[in-house]
Amino acid sequence: MHSVVAPMQGTIVTVEVTEGQSVPRGKALMIMESMKLEHVIEADEAGVVCLVSVAPGDMVTEGQILLTIEPGVVIDAEVEVMADVHLDYIRPDLAEVLSRQAVLLDSARPEAVAKRHRLNHRTARENVADLVDAGSFVEYGGLAIAAQRRRRPIADLIERTAADGMVGGIGRVNGELFNDDRARVAVLSYDYMVLAGTQGLQNHRKKDRLFELAEHLGLPVVFFAEGGGGRPGDTDGTGVSGLDCLAFMLWGRLSGRVPLVAIVAGRCFAGNAAIAGCADVIIATADTNLGMGGPAMIEGGGLGVFKPEDVGPMSVQTVNGVVDIAVDNEVEAVAVAKKYLSYFQGALTTWTAPDSRLLRSVIPENRLRVYDVRKVIELLADTDSVLELRPSFGLGMVTAFIRIEGRPIGVIANNPNHLAGAIETPGADKAARFLQLCDAFDIPVLSLVDTPGMMVGPEVEATALVRHCSRLFVTGASVTVPIIGLVLRKGYGLGAQAMVGGSFKTPVAMWSWPTGEFGGMGLEGSVRLGYRRELEAIADPVEREALFQQMVAKAYEHGKALNAASHFEIDDVIDPADSRRRIVEVLRALPPVHVRTTKKRPMIDTW
């Protein structure tokens, strides 16, 4: 005989069986109430009910016998119980939730979606779906509505202010290449179809929530920032200005903790632009207008009347360095964002590369002939692995992420096509910030040196060159990420030192190709200055030029890479075709980088 006892103290509400009844295992025998909750007492063994000891309304104590069962063979309990479960049945409470969630879908707003598509833009949810791996997105705050209950009916807010104009959550990006820990990201997107993508009280709170999660979990963040800035129409708050919101502080605090990517398409002004401006990288479409104030704010300040297209177009924001990567449309923007994130997600196990022997001829034998440093970078890198940042700004400097044998590496390189590679104010700023970015996330740096030094002259000094060029020295000396120096041709003066952390002994390896040449300043300049009187003493210009060329040739022999290596000013002169192998072997000799749970640097310069 098997006894069924009360699991706790309570009151019998109903008795579902009678004496002599056959019951399967799992059958509901009675319902009892305890502390305002109903508990179903089930048969834990099949058999026949022999004695029922209680009735509805009886008070029972824990362990009290409720009924007894004579064990026996009864129909399969699981079959009987599951027969009562309809897997496709939607309960009323679930139906209410599903109905609310359906309002969030693009299909609920066909006219607004059609308008977006007519403008060659995608919806917020289309962009998020394209970015994250299928089925991986978990949304936060989707049921939020605009804080305008005091002025608009709830039904209207549910219909017209879905998710309070922001889609946000966590998901995976590049999950086919990296494991879940490396692929997880936080994603936020203002929804321009809801109140022009403005920043409302609830979507500020959603940002707070996701920013704190990103900081705690170490998640990179991708933010689609299109929108018109702060929203004046919210009525449900208790404050005056809303300047005590936390979103901008929390977002700024993420700088240097996790990679931050902003994607901008269309109009992005005021608070939305501030979000973009704090990111490590801004990816913007050709039709983007990006500015700290839109037309309404400009007009309100008495500064004139402008169309949105007049404010911060890409013709301005790429040249001045605000936008890091310009793309044609949102499809390309998302693809570039995935590629950018991949450098921070780890190494790839499969790769292809150009024939390294091509590197032997990429630098002309004529030391005065210009060449394309971007071609050098492409030949050093794995195939299709180069992603250049700010190509239209700081033209004398190239900054890019690449891979060599699958390993992510940051590259800074002098561009001999602009001022012979001399370092000027924009280029110094560009390289210094890129060094901070690589250092913050432990990405090794390859510095390709070909510079006659710092740019000189009254005009360039007017750009605060002294301070800006010095950024390279203080930043280079502060990084702990490994730097590999490789001189392609000219390694002269302070500029060459600044490119490799301040000294040729700073890098973990300091090499030169055979085309390298070294000196405290450019050879021609050093001869003209050092032998001015001797040259001026020769009246015949042909004879003077001949002597000058002889002196330059002698200086070159003294400063050529082989001689510099013989004095151990550099570690080696290497075969260009051997560059990739050497870089990888040096990186393999370094200790492994552990996942960081705190910041390495306080932040990454926004400029």
Kirkwood hydrodynamic radius (Cα pairs, Å) of the chain? 29.0 Å
Specify the angular offset, from 0 to 90 degrees and rounded to the nearest 10, of the alpha carbon long axis of helix 541-559 from the longest principal axis of the alpha carbons in the chain. 50 degrees
Note the angle between two axes, namely the Cα long axis of helix 579-588 and the longest principal axis of the Cα atoms of the chain, as a number of degrees from 0 to 90, rounded to the nearest 10. 50 degrees
Give a quick list of trypsin sites (Lys or Arg not before Pro) in segment 1-57 that DSSP marks as loop, anything other than H, G, I, E or B, with at most 11 other Cβ atoms within 10 Å. LYS36
Please turn the phi angles of segment 306-311 into ³J(HN,Hα) values with the Karplus equation 6.51 cos²θ - 1.76 cosθ + 1.60 (θ = phi - 60°), one per residue in order, whole Hz, x for glycine and proline. 9, 7, x, 5, 7, 9
Rounded to the nearest 0.05, what FRET efficiency do LEU246 and MET292 have when you use their Cβ-Cβ distance and R0 = 22 Å? 0.60
Under the rule of at least 5 residues apart or a separate chain, name every residue whose amide H is placed under 5 Å from the amide H of PHE393. none
Restricting to bridges with both residues inside the chain, how much of the DSSP beta-bridge set is antiparallel, in percent to the nearest 5? 55 percent
With the crude spin-label approximation of a point 7 Å out along Cα→Cβ, what separation in nm comes out for ASP180 versus ASN563? 6.2 nm
Highest mean first, what order results for 509-520, 260-271, 530-541, 358-369 on Cβ atoms within 10 Å? 260-271, 509-520, 358-369, 530-541
Whose amide H sits under 5 Å from the amide H of THR451, counting only residues 5 or more places off or on another chain, with H placed in the peptide plane? LYS490, GLY491, TYR492
Within segment 1-20, list the residues whose amide N lies under 13 Å from a label point set 7 Å along Cα→Cβ of CYS50. 1-4, 20
Per-residue ellipticity at 222 nm for the chain, helices alone: DSSP H runs ≥ 4 residues times -39500 (n - 2.57), over residue total, nearest 500 deg cm²/dmol? -9500 deg cm²/dmol
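Test of understanding: what is the full-extension gain from VAL595 to GLU332, defined as 0.36 nm times their sequence separation minus their Cα-Cα distance?
This chain segment gains 91.7 nm when fully extended.
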Rounded to whole Hz, the Karplus (6.51, -1.76, 1.60) HN-Hα couplings of segment 521-536, x for glycine and proline: 7, x, 4, 4, x, 5, 5, 4, 6, x, 10, 4, 5, 4, 6, 5
Once you keep just the Cα pairs under 8 angstrom separated by 6 or more residues, what percentage relative contact order results for the chain? 8 percent
Relative to the compact globular guide of 2.2 N^0.38 Å, what is the alpha carbon radius of gyration of segment 162-224, as a ratio? 1.20
Whole number in Å², please: accessible area per residue of the chain, 1.4 Å probe, ligands, DNA and RNA not counted. 48 Å²
On the accessible surface of the chain, probed at 1.4 Å with all protein chains in place, carbon and sulfur together account for a percent value of 56 percent
So how far apart, in nm, are the two label points at LYS339 and VAL40 if each is 7 Å from Cα heading toward Cβ? 5.6 nm
Can you give me the long-range amide H partners of VAL194? Hydrogens built in the peptide plane at 1.01 Å from N, cutoff under 5 Å, separation of 5 or more residues or another chain. none
In order through segment 414-425: 3J(HN,Hα) via Karplus (6.51 cos²θ - 1.76 cosθ + 1.60), integer Hz, x for Gly, Pro: 6, 10, x, 6, 10, 6, 6, x, 4, 8, 10, 4
Expressed in nanometres to one decimal, the distance between label points 7 Å along Cα→Cβ at SER136 and GLU365 is 5.1 nm
Grab the Cα-Cα distance for VAL73 and ALA95, subtract it from 0.36 nm times how many residues apart they are, and report the gain in nm with one decimal. 3.9 nm
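The values are calculated or read from the model by the stated rules, or taken from the named source; none is laboratory data. Predicted model only: the values in this text are computed from it and were never measured. Neighbour counts run over all protein chains shown; Cβ positions are idealised from the backbone, glycine included. Quick note on the areas: whole protein, heavy atoms, side chains included, nothing else; ligands and nucleic acids left out. Shrake-Rupley method; radii C 1.70, N 1.55, O 1.52, S 1.80 Å.
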